[in-house]
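Q: Here's a structure for you.
The values are calculated or read from the model by the stated rules, or taken from the named source; none is laboratory data. Please read these numbers as outputs of a predicted model, since none were measured by experiment. Cβ coordinates were reconstructed from backbone atoms using ideal geometry, including for glycine residues, and neighbour counts include every protein chain displayed. Note: accessible area is taken over every heavy atom of the protein model, side chains too, but ligands, DNA and RNA are not part of it. Shrake-Rupley method; radii C 1.70, N 1.55, O 1.52, S 1.80 Å.
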Amino acid sequence: MSPTRPFAIAAILGASSLLQAEDVATESTPVATPDKVSLAESTDPTTSAPLVSDLPATPAPTSNVTVNLINRLVQKGILSKEEAAEMISQAEADAQTAQQNAAAQADIAALPPAPSPDDMRVTYIPEVVKNNMRDEIKQELMATAREEQWAAKSAPDWTSKFRPFGDIRTRYDGTFFGDGNDDTGAFPNFNAINTSSTPFDTSGTQFSPQYNVNEDRKRTRLRARLGTDIMLGDGFNAGVRVATGESNSPTSPNQTLGGSGGDFSKYQIWLDRAFVSYDAGPGDGQELVFLLGRFDNPFFSTEILWDDDLGFDGLALRGKVRINDCASTFFTAGYFPVYNTDFNFASNQPSKFASTDKWLTGAQVGIDWKITDDLTAKFGIAYYDFDGISGELSDPFTPLSASDAGNTDTTRPGFAQRGNTYMALRDIVPTAANDFGTKYQYQYYGLASEFRNLTITGRLDYDHFDPVRLSLLGEVTKNIAFDSSAINKKAVNNRGPSAGNNPGAFEGGDTAWNLTFQVGKPAMEKFGDWQANFGYRYVESDAVVDGFTDSDFGGGGTNVQGYTLGGFMALSPAVRLGLRWMSSDEVAGPPLSTDVLQIDLNAKF
């Protein structure tokens with residue numbers, strides 16, 4: 001073989017590849033040549049290969065470039081006739097394959113696109129199927145969102161520190177008075193007198209403000225509260241809550257609909273809670289919490305001492321220590337400002353009066369005890385000392401106008417309900433200027449008794465009939481600072497019938513107790529859950545400070561005795577319906593009986 005032969009063969013193969021497209025494009029048009037002139041037209045019937053013996057010495061040109069190139073190589077002696085015939089046979093086979101492939105591609109291109117494995121062709125979907133598919137997809141997405149906390153991931157980090165809460169309560173409140181109540185002016189409204197901008201002139205011919213004791217009243221009331229707990233980290237927490245209320249009363253956030261002037265007037269919102277706390281406890285059922293600001297009642301108690309809505313201002317410490325798996329002790333202590341003297345008192349004179357601040361100091365210790373698997377108990381003993389809470393007689397003076405102040409005017413309570421015994425605060429000197437005591441007798445009133453309460457509180461829970469629980473809750477308190485003989489000398493109310501010009505004997509007392517039996521579900525978690533209760537209480541006039549006790553029973557305050565019957569039913573996990581009937585009578589002083597019916601719809605969130 002010639003040395004250049006391998007290179008020539010490679011060139012032919014490369015040229016064949018490049019020219020194959022042209023041959024295919026012309027669909028390998030047959031070469032029109034004379035008989036036995038071209039290699040392409042003389043083939044072996046068994047192999048379709050050209051017969052070498054038929055190849056002429058000088059083949060005629062064809063329209064096929066590849067065949068012409070092979071024929072020239074044979075003429076030049078680069079290829080033998082056998083090799084040329086084999087190459088032409090291969091080229092024709094390749095051309096035929098290319099034609100078949102091109103035809104197949106054209107057929108495929110004419111077909112519509114094939115669906116992907118995930119596609120489904122549906123000509124019609126019924127509406128009910130569409131709705132079911134939409135609901136299923138929605139449920140799956142919501143479940144995934146909850147599981148993966150999509151909202152938490154999209155919200156700023158600081159929002160995770162807030163735990164908002166609130167409640168809205170609507171109430172029908174009907175108050176019904178007995179026919180034998182004394183309506184001759186025996187029930188002065190000392191709170192209205194003391195909170196007025198001017199003192200009451202006892203030398204006048206008009207009655208002082210009086211409590212209603214004879215005309216029934218029906219009210220629709222609203223209570224709305226909204227707050228949040230704030231997790232500050234490292235043991236620190238905080239809380240804020242605002243609430244409705246038609247006054248700044250510490251015991252009632254209720255707003256009477258149609259009140260505040262009526263005619264759909266807007267209602268006030270008050271700062272109800274605001275505090276910072278620090279938990280230094282070890283956990284595992286034990287705690288040591290410091291509270292500073294305005295917070296919920298930190299003591300274990302009932303409503304005969306502290307109303308359920310009452311907030312405490314000041315500093316408190318609350319702790320719990322585990323003794324064993326069945327018992328633990330708890331303790332609470334606090335120091336609370338009840339009243340702080342106005343900075344400019346008295347405002348109408350350049351020389352100011354001394355402060356008459358009031359403070360409450362409280363301490364309580366107790367035990368939580370799991371007596372058996374079905375019976376648990378909680379008992380606590382507390383001591384509450386009110387410093388400066390009682391009224392003080394002023395220095396002698398002669399007021400000539402309603403704006404003249406006495407130096408002990410601020411010892412009067414800033415808020416009161418009814419029941420406590422009161423004394424006159426001003427030592428008014430009779431002179432010619434006041435017609436020797438027959439006019440200008442401007443007077444305020446303060447509490448006649450000191451208050452230091454020793455209190456025992458207990459609760460028993462019996463869970464043998466789970467999920468129904470039987471509970472017994474009770475409390476007894478005694479005002480150990482009460483001095484009947486001292487109060488008798490200055491009391492202006494809570495007296496028996498007078499004899500001539502002599503006032504009747506003082507009839508007030510120093511003891512209060514209550515006992516309540518409750519049955520039902522401990523928590524109102526679903527529709528149909530219920531609770532029912534029956535209780536009886538006896539609260540003497542000066543057993544507790546009337547401004548801080550229950551604001552509903554007997555119209556609010558002390559010097560009452562009677563029973564409560566009520567119940568609740570859950571309408572949903574967040575909404576419940578309540579009904580309560582309270583019947584009370586006066587303990588001391590003129591007759592007064594009061595019945596109260598309350599129907600509540602309470603929604604929590």
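Q: Can you name every residue in region 154-200 that is small (Gly, Ala, Ser) and assigned to a strand (DSSP E or B)?
A: Gly166, Gly174
Q: Return the only residue of Tyr563, Tyr538 being more than 33 Å from the chain's Cα centre (by Cα), farther than 23 Å from Leu222 by Cβ and surrounded by fewer than 16 Cβ atoms within 10 Å (Cβ to Cβ).
A: Within the list Tyr563, Tyr538, the selection yields Tyr563.
Q: Next up: Just the residues that are within 48 Å of the chain's Cα centre (by Cα) and surrounded by fewer than 21 Cβ atoms within 10 Å (Cβ to Cβ), please, taken from region 424-442.
A: If the condition is that a residue be within 48 Å of the chain's Cα centre (by Cα) and surrounded by fewer than 21 Cβ atoms within 10 Å (Cβ to Cβ), then Ala424 is the only one that fits.
Q: Mind checking which pairs have a first residue in region 366-377 that is under 19 Å from Pro298 (Cα atoms) and a second that is outside any strand (DSSP E or B), Cβ under 8 Å, 6 or more apart or different chains?
A: The qualifying pairs are Gly366/Phe300; Ala377/Ile371.
Q: Then there is this: Could you please let me know if Ile381 is of a type outside the set (S, T, N, Q), open to solvent by 70 Å² or more (accessible area, probe 1.4 Å) and touching a residue at least 60 places away in the same chain (Cβ under 8 Å)?
A: Yes: the conditions hold for Ile381.
Q: Of the residues in region 167-196, how many are of a type in the set (A, V, I, L, M) and at pLDDT below 95?
A: Count: 1.
Q: Provide a single number: the residues in region 185-207 that are polar (S, T, N, Q) and either under 17 Å from Gly557 (Cβ atoms) or in contact (Cβ under 8 Å) with a residue 40 or more places away in the chain (or both).
A: 7
Q: So Ala243 passes all but one of these: (1) within 25 Å of Asp173 (Cα to Cα); (2) outside any strand (DSSP E or B). Which condition number does it fail?
A: Going through (1) within 25 Å of Asp173 (Cα to Cα); (2) outside any strand (DSSP E or B) one by one, Ala243 breaks only (2).
Q: Examine region 325-335 for a residue that is open to solvent by 60 Å² or more (accessible area, probe 1.4 Å), closer than 30 Å to Arg459 by Cα and modelled with pLDDT under 95, and state whether such a residue exists.
A: yes
Q: Counting only residues that are crowded, with 18+ Cβ neighbours inside 10 Å, farther than 24 Å from Gln417 by Cβ and touching a Ser or Thr at 6+ places or on another chain (Cβ under 9 Å), how many does region 463-487 have?
A: Of the residues in region 463-487, 1 are crowded, with 18+ Cβ neighbours inside 10 Å, farther than 24 Å from Gln417 by Cβ and touching a Ser or Thr at 6+ places or on another chain (Cβ under 9 Å).
Q: Further, regarding this structure: Considering only residues that are over 18 Å from Ala224 (Cα atoms), outside any strand (DSSP E or B), at pLDDT 90 or above and not charged (D, E, K, R), which ones fall in region 248-296?
A: Ala280, the sole residue that qualifies.
Q: Those residues that are open to solvent by 80 Å² or more (accessible area, probe 1.4 Å) and of a type in the set (S, T, N, Q), I need them from region 352-368; list them, please.
A: Correct list: Ser355 only.
Q: Let me ask you something else. Quick check on my filter: what residues within region 230-269 are over 30 Å from Gly281 (Cα atoms) and of a type in the set (Val, Ile, Thr)?
A: Thr244, Thr251, Thr256, Ile269
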